[in-house]
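In what follows, a single structure is set out as structure tokens and then discussed.
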Amino acid sequence: MLQELDALEESIASYEQALAIDPRTPFLLGNCRHARMQVCDWSGFESDKAAITAALERGEAVATPFVTLSLLDSPALQRRAAEILVGQKLVGTLPFSAPRHPRHDKIRVGYFSADFRNHAVAMLSAGLFETHDHARFELTAFSLGPNVPDELRTRVERTFDRFLQLDGKSELDIAGLARRLEIDIAVDLGGFTRNARTGVLALRAAPIQISYLGYLGSLGGKFIDYLLADPVLVPSETRDYYGEKIACLPSYQVNDSNRPIAERAFTRAELGLPPSGFVFCCFNNTYKITPETFDSWMRILVRAPGSVLFLLGSSPAAVRNLRSEALRRGIAPERIIFGGSLPFAEYLARYRSADLFLDTLPYNAGTSASDALWVGLPVLTLPGQSMASRMAASLLTAAGLPELIAASRADYERQAVELATDAQRLETLKHKLAGNRGRCALFDTPTFTRNLESLYQQMYQRHLSGLAPEHLFAAAT
């Protein structure tokens with residue numbers, strides 16, 4: 001409860017007490033570690049990580065799937081965590097087999113999300129909903145979260161043929177409603193994220209069920225038929241780590257090419273930045289910052305004199321802990337600058353004050369990386385093996401900047417320092433990014449939508465023909 005209320009230090013104290021009473025309580029160690037990561041408290045990090053890894057290998061319920069994304073760069077262990085959660089909480093409550101509906105003139109697609117509001121999922125997907133072909137698809141929104149009548153909710157709501165506000169309804173009721181509406185394709189946009197209702201799909205809301213966008217990994221259950229990805233996010237050699245069939249897009253992440261950037265030009269003084277010097281930034285959630293990533297950042301600051309690192313100040317505890325960790329590594333705490341929350345258009349404008357975005361591993365930037373690229377800020381990433389660790393590489397490939405995908409941690413650090421000390425190279429990259437912005441796959445929402453629709457049609461035809469799901473590729477557009 002305390003963690004959900006963002007009372008993080010209090011939640012950690014409560015978790016510690018619970019661990020002292022019974023460390024075998026399901027998911028307890030993972031939840032405690034995630035709360036610590038949210039405030040950048042890395043005490044016991046390696047021992048917790050080792051304990052979580054060993055417990056997952058034994059098949060024990062030690063960490064929820066979402067927690068593993070930021071701790072373990074292992075698609076096999078992430079899938080195992082999902083399978084354990086499904087086995088504990090979802091299996092045994094499945095009264096339905098997959099429904100069969102008659103052929104519809106329009107394919108009936110249901111989007112299931114708790115985040116049809118000012119949230120990263122809706123910010124990315126608003127353009128998709130607006131560019132869908134309503135002559136071929138009937139769209140229903142299954143809104144599973146609270147009714148928040150903000151600007152984005154209003155915008156999204158009018159794009160659907162039917163918008164259903166279903167918070168407070170049981171998962172059984174929601175799945176039954178989807179079956180009565182004869183939804184052909186259910187697209188889950190939440191997975192194992194906050195407020196998601198994965199049990200709705202476990203109850204087989206539709207004959208074809210897809211996981212997309214909100215959760216970067218396998219959902220670990222036979223009730224999901226397809227996982228949307230691209231060749232960078234899930235290379236062919238890693239497909240066996242996923243229980244779902246891979247429906248492969250040319251570029252994975254949908255984007256809203258109508259995102260407004262505020263005209264406001266922040267001064268360095270307004271943001272707490274020094275009058276001069278190179279500005280590295282990372283506006284990822286603090287739980288994505290691991291000690292190893294922070295070590296790299298501090299080595300970069302040592303080799304780039306006068307530079308600073310601009311981060312989100314998510315909480316006083318996180319600010320305090322990160323400054324303390326910097327000092328332990330020989331970096332003056334004032335070289336770590338923290339920014340607060342801003343209205344979205346101003347948040348985007350703030351990226352103009354930075355020179356290079358440094359990504360995290362094993363949980364990459366997703367929305368924040370595409371935000372930076374949209375504004376014109378280059379992103380440097382180091383990919384791993386899991387979906388979450390390959391997101392920024394996918395985005396950079398789609399933006400036409402594969403040269404910013406590092407080959408190793410040493411290469412990541414070397415490139416960061418070179419870009420901080422070679423103004424001409426950095427300017428060349430920014431010029432290339434600006435030129436690509438209007439024509440690259442990353443920000444071409446209509447083409448993305450046509451590619452996605454081609455996958456929906458392939459799935460639907462296979463289903464009508466009685467064929468099992470299989471790996472699919474979007475038809476060229």
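The values are calculated or read from the model by the stated rules, or taken from the named source; none is laboratory data. Worth saying up front: this structure is predicted, and the values here are computed from it rather than measured. Using ideal geometry, Cβ is built from the backbone for each residue, glycine included, and neighbour counts are taken over all protein chains shown.
When you check residue 272 against the structure, is it over 18 Å from the mean Cα position of the chain (by Cα), farther than 30 Å from residue 187 by Cβ and surrounded by fewer than 22 Cβ atoms within 10 Å (Cβ to Cβ), yes or no?
Against the criterion (over 18 Å from the mean Cα position of the chain (by Cα), farther than 30 Å from residue 187 by Cβ and surrounded by fewer than 22 Cβ atoms within 10 Å (Cβ to Cβ)), residue 272 qualifies.
Going through 393, 416, 369, 365 one at a time, which residue ends up being hydrophobic (A, V, I, L, M, F, W, C) and touching a Cys at 6+ places or on another chain (Cβ under 8 Å)?
365
Of the residues 455, 404, 419, 382, which is over 28 Å from residue 240 (Cβ atoms) and either under 22 Å from the mean Cα position of the chain (by Cα) or assigned by TED's automatic domain parsing to the domain that holds residue 66 (or both)?
After applying the criteria, what remains is 404.
Do any helices (runs of 4 or more DSSP H) lying entirely in region 28-109 carry at least 1 residues that are of a type outside the set (Asp, Glu), buried (at least 23 other Cβ atoms within 10 Å of the Cβ) and under 22 Å from the mean Cα position of the chain (by Cα), and which ones are they? First the steps, then the outcome.
Working: elements: 28-38, 45-57, 65-69, 75-89.
Hits in region 28-109: 28-38, 65-69, 75-89.
Can you tell me which of (1) more than 24 Å from residue 217 (Cβ to Cβ); (2) more than 24 Å from the chain's Cα centre (by Cα) is the one residue 155 doesn't meet?
Looking at each condition in turn, residue 155 falls short on (2).
Take residue 445 and tell me if it is over 29 Å from residue 240 (Cα atoms), touching an Asp or Glu at 6+ places or on another chain (Cβ under 7 Å), surrounded by fewer than 24 Cβ atoms within 10 Å (Cβ to Cβ) and touching a residue at least 12 places away in the same chain (Cβ under 8 Å).
yes
Considering only region 160-196, state which residues are in a loop (DSSP other than H, G, I, E, B), touching a strand residue (DSSP E or B) at 6+ places or on another chain (Cβ under 7 Å) and buried (at least 17 other Cβ atoms within 10 Å of the Cβ).
Across region 160-196, the qualifying residues are 160, 166, 181, 183, 184, 189, 190, 191.
Suppose the filter is surrounded by fewer than 21 Cβ atoms within 10 Å (Cβ to Cβ) and of a type in the set (Val, Ile, Thr); does residue 367 pass it?
yes
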